[in-house]
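S.K.: Have a look at this one before I ask anything.
The values are calculated or read from the model by the stated rules, or taken from the named source; none is laboratory data. These figures come from a predicted structure and were not determined experimentally. When we count neighbours, we look across all protein chains shown, and the Cβ atoms used for this are built from the backbone with ideal geometry, even at glycine. Side chains included, ligands, DNA and RNA excluded: accessible areas come from the protein's heavy atoms. Shrake-Rupley method; radii C 1.70, N 1.55, O 1.52, S 1.80 Å.
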Amino acid sequence: GAVVSQHPSRVICKSGTSVKIECRSLDFQATTMFWYRQFPKQSLMLMATSNEGSKATYEQGVEKDKFLINHASLTLSTLTVTSAHPEDSSFYICSALGTGDGYTFGSGTRLTVV
Amino acid sequence: RKEVEQDPGPFNVPEGATVAFNCTYSNSASQSFFWYRQDCRKEPKLLMSVYSSGNEDGRFTAQLNRASQYISLLIRDSKLSDSATYLCVVRITGNQFYFGTGTSLTVIP
């Protein structure tokens, strides 16, 4: 089945630094990938929709200059959290529509900003 | 009104029990429906799609009621390993879809 590989799985960074998270579709081409954030005991919240070769579409309330999304190829999308602050600490997950039903999720990245 | 509403629970049931979750959606143009399972601190994984005619996979049965705009998930003979959060996902069109907030299930020995 469709596999989405997400790295890193866990990252701790200092406040003010930037962190890049990668999501790769391993055995299919993902023209569209989705980026979510999940705070403890809350549901997934869609942050943005990433389209290959074009600008990402951000959900209301998500700062596009803070969360930079690049989808340069059909198999890779990246999310860069710029100038991270402790309140950005969260679980970030990507997903893509695979070859079958439903969406395939990456394994998630737990970001802790100290 | 939220696009997708789901009872967050928690549902605490004994092993062997039957438990059912419902999820309502507001957009009658919704096209596809899914149930995902999410374990603590892990990514959601597709449990099953929900088809108009209803579908079953072992102890799990999913149903869709378009008239009343809800989907359901029934788990029979609950196992300890069924403890997780169950998310319903509704796809409107194309890439437009919505997640429920998830229903927490704990199966007790």
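S.K.: What relative contact order, as a whole-number percentage, does chain B give when Cα pairs under 8 Å and 6 or more residues apart are counted?
M.R.: 38
S.K.: Give me the orientation-averaged projected area of the Cα convex hull of chain B, in nm², one decimal.
M.R.: 6.7
S.K.: I've got another one for you. In chain A, which Cys residues have no partner Cys with a Cβ closer than 4.7 Å?
M.R.: A:CYS13
S.K.: In terms of Cα to Cα distance under 26 Å, which lysines are near enough to A:LYS20, apart from those fewer than 8 places away along the same chain?
M.R.: Once the sequence-local lysines are set aside, what remains near A:LYS20 is A:LYS41, A:LYS55, A:LYS64, A:LYS66, B:LYS42, B:LYS45.
S.K.: Moving on to the next point. Please work out the Cα convex hull volume for chain A and give it in Å³ per residue.
M.R.: Output value, Cα hull per residue: 94 Å³.
S.K.: Within the P(r) computed for segment A:28-67, what percentage of the Cα pairs occupies the region above 17 Å?
M.R.: Here the tail beyond 17 Å accounts for 35 percent of pairs.
S.K.: Also, I was wondering about something else. What longest region of chain B stays clear of trypsin sites (Lys or Arg not before Pro) that DSSP places outside H, G, I, E and B and that have at most 12 other Cβ atoms within 10 Å?
M.R.: Looking at chain B, B:3-40 is the longest stretch - no exposed trypsin sites (Lys or Arg not before Pro) with at most 12 other Cβ atoms within 10 Å.
S.K.: Ignoring ligands, DNA and RNA, what percent of the 1.4 Å accessible area of the protein assembly as shown is carbon and sulfur?
M.R.: Carbon with sulfur: 49 percent of the solvent-accessible area.
S.K.: Hey, another quick one. Measuring with a 1.4 Å probe in the full set of protein chains, what accessible area per residue, in whole Å², belongs to segment A:1-106?
M.R.: Here the residues of segment A:1-106 average 50 Å² of exposed surface.
S.K.: Can I ask one more? Trypsin sites (Lys or Arg not before Pro), restricted to segment A:5-114: which are DSSP loop and have at most 12 other Cβ atoms within 10 Å?
M.R.: In loop regions of segment A:5-114 (DSSP not H, G, I, E or B), the sparsely surrounded trypsin sites (Lys or Arg not before Pro) are A:LYS14, A:LYS41, A:LYS55.
S.K.: Another question, then. Longest exposed-loop-site-free stretch of chain A, with GluC sites (Glu not before Pro), DSSP loop and at most 15 other Cβ within 10 Å?
M.R.: A:1-58
S.K.: How long are the semi-axes of the ellipsoid equivalent to the protein assembly as shown, from square roots of 5 times the Cα gyration tensor eigenvalues, in whole Å, largest first?
M.R.: 30, 20, 16
S.K.: From the residues B:PHE33, B:TYR70, B:GLY100, which one has its Cα farthest along the dipole of the protein assembly as shown in the positive direction, the dipole being from +1 and -1 charges on Cβ of Lys/Arg and Asp/Glu about the Cα centre?
M.R.: Of B:PHE33, B:TYR70, B:GLY100, it is B:GLY100.
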